[in-house]
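Here the structure comes first, spelled out in structure tokens, and everything after it is commentary.
The values are calculated or read from the model by the stated rules, or taken from the named source; none is laboratory data. As the structure is a prediction and not an experimental result, all values here were calculated from the model. For neighbour counting, all protein chains shown are included, and Cβ atoms are generated from backbone atoms with ideal geometry for every residue, glycine included.
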Amino acid sequence: VANWPAPRSRAIENQAYVAGCNRVGTDGNGLHYRGDSRIINPQGDIIATAEPHQATRIDADLSLVALQDYREKFPAWRDADPFTL
């Protein structure tokens, strides 16, 4: 999938776990979807991935303690600019 680098970037930028989900099969317009869903950790590593072309479920253990430790060692949030919506 051409846009799979984006969820990895978002995981790293936001120091968060990201689940990227994609459908499988062909839709009513003839567009084909291959699946390849994945779960990405805050460091950008893929920790679970679905086989292509198969409807399936993927699971991963997400550790809040590991996330907090990572954020403490790499406190990127301290460089955030304040803003309001």
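For every residue, the table says whether it meets (1) surrounded by 14 or more Cβ atoms within 10 Å (Cβ to Cβ); (2) of a type outside the set (A, V, I, L, M, F, W, C); (3) in contact (Cβ under 8 Å) with a residue 60 or more places away in the chain.
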{"position": "A6", "(1), (2), (3)": "no, no, no"}
{"position": "Y17", "(1), (2), (3)": "yes, yes, no"}
{"position": "R34", "(1), (2), (3)": "yes, yes, no"}
{"position": "D45", "(1), (2), (3)": "no, yes, no"}
{"position": "I58", "(1), (2), (3)": "yes, no, no"}
{"position": "K73", "(1), (2), (3)": "no, yes, no"}
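Among the residues here, I47 qualifies as part of a strand (DSSP E or B) and at pLDDT 95 or above. Is it the case that some residue within the stretch 62-71 is surrounded by 15 or more Cβ atoms within 10 Å (Cβ to Cβ), in a loop (DSSP other than H, G, I, E, B) and without any contact (Cβ under 8 Å) to a residue 24 or more places away in the chain? For the stretch 62-71, residues surrounded by 15 or more Cβ atoms within 10 Å (Cβ to Cβ), in a loop (DSSP other than H, G, I, E, B) and without any contact (Cβ under 8 Å) to a residue 24 or more places away in the chain: absent. Taking the listed residues N3, N22, the one that is at pLDDT below 95, part of a loop (DSSP other than H, G, I, E, B) and touching a Gly at 6+ places or on another chain (Cβ under 6 Å) is N22, with no other qualifying. Might you let me know whether the stretch 56-67 holds any residue that is closer than 18 Å to N22 by Cβ and β-branched (V, I, T)? So far as the stretch 56-67 goes, yes, one or more of its residues are closer than 18 Å to N22 by Cβ and β-branched (V, I, T). Whether a residue is surrounded by 13 or more Cβ atoms within 10 Å (Cβ to Cβ) and β-branched (V, I, T) was assessed, and T49 passes this test. The residue that is farthest from E13 (Cα to Cα), among those in the stretch 30-44 that are part of a loop (DSSP other than H, G, I, E, B) and in contact with a Phe, Trp or Tyr (Cβ under 8 Å, 6 or more places away or on another chain), is D36. Only one entry of D61, D69 meets the criterion of being within 18 Å of the chain's Cα centre (by Cα) and not aliphatic (A, V, I, L, M), and that entry is D61.
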